[in-house]
Amino acid sequence: MRRGNQTDVYDAFVKLGDDPAQPISWVGSVRSGDPELAWHAAKEIYTRREDATVLWVAQRSAMVTSGPEDLESMRTPSRLTYRLPGKVGRRRRARAKLADVQPVGGAEA
């Protein structure tokens with residue numbers, strides 16, 4: 001992992017439209033000495049032509065990002081085998097045992 005090093009650069013993220021399925025996307029960056037001024041600058045620049053419902057600005061130096069050295073640790077199949085399909089977990093086994101038990105009084109009669 002590495003941290004950013006530009007203290008006055010803010011990345012802007014916007015969600016356009018009212019559709020809840022619409023993702024929040026990176027739209028660009030602005031330079032500012034203050035987070036609130038960065039938000040206002042991003043609003044003026046990136047929401048001018050389209051209606052936005054969400055606007056986030058994040059200081060680039062505060063972001064923690066992954067790099068090529070983190071690739072192996074982010075590979076899911078090699079480190080989280082219990083999440084792979086086909087491996088029966090403890091709870092699923094317990095539910096299967098409960099499903100095998102017939103109710104008293106028998107619904108089969």
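Residues that are part of a loop (DSSP other than H, G, I, E, B) and among the aliphatic types (A, V, I, L, M) were ranked within segment 65-83; the one that is modelled with the lowest pLDDT is 80. Based on what the data block shows, is residue 38 modelled with pLDDT of 85 or more, of a type in the set (A, V, I, L, M, F, W, C) and surrounded by 14 or more Cβ atoms within 10 Å (Cβ to Cβ)? Judged against the criteria, residue 38 is a match. Screening residue 32 with (1) surrounded by 13 or more Cβ atoms within 10 Å (Cβ to Cβ); (2) touching a Gly at 6+ places or on another chain (Cβ under 9 Å); (3) of a type in the set (Ser, Thr, Tyr) gives one miss only, at (2). Looking at the structure I just gave you, is residue 62 modelled with pLDDT under 95 and out of contact with any Phe, Trp or Tyr (no Cβ under 8 Å at 6 or more places or on another chain)? Yes: the conditions hold for residue 62.
Applying the criterion of being touching a helix residue (DSSP H, G or I) at 6+ places or on another chain (Cβ under 8 Å) and aliphatic (A, V, I, L, M) to the residues of segment 50-59, the residue that is modelled with the lowest pLDDT is 52.
The values are calculated or read from the model by the stated rules, or taken from the named source; none is laboratory data. Since the structure is predicted, the reported quantities are computational estimates derived from the model, not experimental observations. Backbone-built Cβ (ideal geometry, glycine too); neighbour counts: all protein chains shown.
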